Every structure is written in C-alpha cells, then in structure tokens.
Amino acid sequence: MKNILFVIDSLGIGGAEKALLTQAKEFHKLGYEIYCISIYNHIQFDVPSFVHLHILDWKNYKIIKYKRNAQRLYVLIKSLNKDFSGIFVHLDKAIALMRKYQHPRIYYVIHNNASQQELGSRTGFSKIKKRRAIQKFYSNLNLITVSKGVEEDLLHSFHVKCRSIQTIYNTMDFDAIIRLANEKLFIEYTDYIVHVGRLVKAKRHDILLQAFKKADLNTKLLLVGDGQERDNIVKMIEVLGLQDKVELLGFATNPYALMKNAKLLILTSEYEGFGIVLAEALSLGTPVMSTDCPSGPNEILTGAYKKYLVKVNDVEDISNKLKFLYKHPYKIDKTILLKFDKDNVTEHYIRLLA
C-alpha cells in the first residue's frame, strides 16, 4: 500500500485546508492510504473517513516550545510505522516544526505572499531582520507555491536558496463544487453581491463597504466568513448606515449555492496566496471582480478577463467597476479554469512522487 502524509496547522477555515482535503481525495482515488496530522486540535471541515487523522495538540512550552513540539511530532510520525511515498507540509506552524525532518520526498507548500504577510509595514532594521529570517526559514527546502506570484516573491524579494521550487495550483474539484451548489439556498434573497472569505484585515472589508456605499446599488451585500475583524466590520456597517443592505452570514461549510445565485462575487484583498473563491465562483458561472493584488487573482483572471481586476485599496476604482459589472454581467469561458482542475493538478503531484 502506498502512503501519503499531510501535516498542517489545523483543519479550520481556509483555502489551504480545503485544498489539502481535495488533494487527499484525489490521492485516495489513485490507491494511496492517506494520513494527516493537525498541529492544533481545531477541526471545522468534515474530514472524510478514509483520512487517518491525528492531532498533535500543540503544547506551549514557552522558550523551548518549537523544539519540544517538533520532537513530539516526529515521535507521532514514527508511531504511524508507515513508509510514506510523499510528505506535504502546509502552513507556517507545521513548516516550522517539520523543516528539519528528514525524508527524501518532503515538500513544503507555501500559501501566502511572504512580502505582504510578513514584512507588511515594517521599516528599517526590523524589515531587514525579518527578510533575512524568512530567507533562512525556507532555505534548503523543497518548496511548492500555490501561485507564480508567491514563487516569484520568494525568489526575487527574499532570494531564497531552496533545494527546489515549483508552482502547483490549489487542487479544485469543480464537479463537487457544482454538485454542492445545487443544494437548497438558505436565504430568501434573489438579488445580491457576495464576498466569501475570512473576516481579517488583509481582506479589506472596510474598503469593500466604502465602495459598496459609494456605488449606491439597489441590492444586498452578503459577507460569508468569520474572523477577528467581525466587530470592526459591524461598527463600520453602522457608521456607513448600511444595516439594511449588508448582512454577515458567518462561516458556511457550503457557500456554493450562495455563490452560484449571486449577481457577482467580489474580492477586495490587499494580498492573497491564490484567491480560490474566484475560481470557484467562475466554475459556477458567477462573474467575479478582484483587486489586482499579489498574488493569484491575475493568474486566474487572464486574457480578456484582466479588465475585471481593480486597483488595491482604491474605493473609486472598485466602486465604478462594481456598478458596471452589476449592470453588465459577463459570460464565462470555463476553459480558463482547466489548469486548476483536480486532474491537472494531481498530475503534477504524481510527477513529484515518481
């Protein structure tokens, strides 16, 4: 029996977690036995029965927390007593614990743009120090990035001297997405715009709300997701007087019916790793617009679809494009999504294991 091991921070809300479970399903269909270790005991997705799930349950040992937890993790892997054809490590905490683990086919999957996420507004020595730390963190590892933008950022902004690096897009099961989208819609609205994503600063819900207010459209804006910015978003809705036009629906395990029936899906992020909801919405025939942020959206919206990218943090540009697209939705050529389809992505992974 061939075995695959995934190691990830958690299986909570997020595109990385969703992509991992989709790829696990594809490996399983090819005859692989699937093992997954979650660093935190935080599971929100429905984990398929074929996945042998183990929880490290991160312990905070203060000064030596990483070393001690890494030792616990290595003992857990050894206790599985399996010869793994490949090990795929997702997200920062898991990478930090696994980066010294020895295996001939271990790959570290990078889901975010490091310049935007890690450097942010840092200046001076703090920025130099952090840049060097990131360069060292990823050195001598086999890296997989979920978009070309993430790959170029690591190579050109940080000059990471990795063992290998390649872009393999997030695995997407469009057939399953379409099937789930046919489930009953749990809202009564027939005319709305939707944003699907965590309620965090990087998604710039503040810019979205200002642009929506300025566009003055006779429609609803539905926000799907949860996160630490929820209270701030509620306050801003009140300040802008949008209580009757904006609703927060919380986290949805199946947002696809909402996405399918929306007039438009919008993304206003300052940065992404990939922007998985854009491809999901397009697969359902729903027009999308997105900020042209690093990284991902401009690899999804290519060719004739580039005109549906807008400037980052530009309320005026977002508002104008929002008004136009709401009144003039476009037809979607789904061939632009083929490179993200599960079969094409899995083919890349199988080549790694050959």
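Taking only segment 250-270 into account, find how many residues are out of contact with any strand residue (DSSP E or B) (no Cβ under 8 Å at 6 or more places or on another chain) and among the hydroxyl-bearing types (Ser, Thr, Tyr).
2
Scan segment 40-71 for residues that are open to solvent by 70 Å² or more (accessible area, probe 1.4 Å) and either among the acidic types (Asp, Glu) or part of a helix (DSSP H, G or I) (or both) and jot them down.
Listed by number, the residues that qualify are Asp46, Lys62, Ile63, Ile64, Tyr66, Lys67, Arg68, Gln71.
Just give me the residues in segment 84-133 being open to solvent by less than 60 Å² (accessible area, probe 1.4 Å), farther than 25 Å from Arg351 by Cα and at pLDDT 90 or above, in sequence order.
Lys93, Ala96, Leu97
For segment 305-319, name all the residues that are part of a helix (DSSP H, G or I) and touching a residue at least 24 places away in the same chain (Cβ under 8 Å).
If the condition is that a residue be part of a helix (DSSP H, G or I) and touching a residue at least 24 places away in the same chain (Cβ under 8 Å), then Tyr305, Val315, Glu316, Ile318, Ser319 are the ones that fit.
Give all pairs with beta carbons closer than 9 Å in which a residue from segment 271-292 that is on the phi > 0 side of the Ramachandran plot and in contact (Cβ under 8 Å) with a residue 12 or more places away in the chain meets a residue that is open to solvent by 20 Å² or more (accessible area, probe 1.4 Å) and among the basic types (Lys, Arg); count only pairs at least 6 apart in sequence or on separate chains.
Gly285/Lys260; Gly285/Lys331; Gly285/Lys334
Kindly indicate whether any position in segment 229-245 is more than 30 Å from Arg179 (Cβ to Cβ), open to solvent by 70 Å² or more (accessible area, probe 1.4 Å) and either assigned to a loop (DSSP other than H, G, I, E, B) or touching a Cys at 6+ places or on another chain (Cβ under 6 Å) (or both).
Yes, segment 229-245 has at least one match.
In segment 5-39, which residue that is among the acidic types (Asp, Glu) and part of a helix (DSSP H, G or I) is surrounded by the fewest Cβ atoms within 10 Å (Cβ to Cβ)?
Among them, the one singled out is Glu26.
Look through Glu272, Glu188 and report the one residue that is part of a loop (DSSP other than H, G, I, E, B), in contact with a helix residue (DSSP H, G or I) (Cβ under 7 Å, 6 or more places away or on another chain) and open to solvent by 10 Å² or more (accessible area, probe 1.4 Å).
Exactly one of Glu272, Glu188 is part of a loop (DSSP other than H, G, I, E, B), in contact with a helix residue (DSSP H, G or I) (Cβ under 7 Å, 6 or more places away or on another chain) and open to solvent by 10 Å² or more (accessible area, probe 1.4 Å), namely Glu272.
Restricting to segment 246-269, name every residue that is part of a helix (DSSP H, G or I) and either open to solvent by 10 Å² or more (accessible area, probe 1.4 Å) or basic (Lys, Arg) (or both).
Across segment 246-269, the qualifying residues are Tyr256, Lys260, Asn261.
Criterion first (touching a residue at least 40 places away in the same chain (Cβ under 8 Å) and either closer than 25 Å to His90 by Cα or more than 21 Å from the chain's Cα centre (by Cα) (or both)) does Phe324 satisfy it?
no
Out of the residues in segment 275-300 that are part of a loop (DSSP other than H, G, I, E, B) and open to solvent by 20 Å² or more (accessible area, probe 1.4 Å), state the one that is nearest to Lys342 (Cα to Cα).
Result: Leu284.
The values are calculated or read from the model by the stated rules, or taken from the named source; none is laboratory data. Model, not experiment: these values are computed from the prediction. Note that each Cβ is placed from the backbone with ideal geometry, even for glycine, and that neighbours are counted across all protein chains shown. SASA here: full protein model, heavy atoms, side chains in, ligands and nucleic acids out. Shrake-Rupley method; radii C 1.70, N 1.55, O 1.52, S 1.80 Å.
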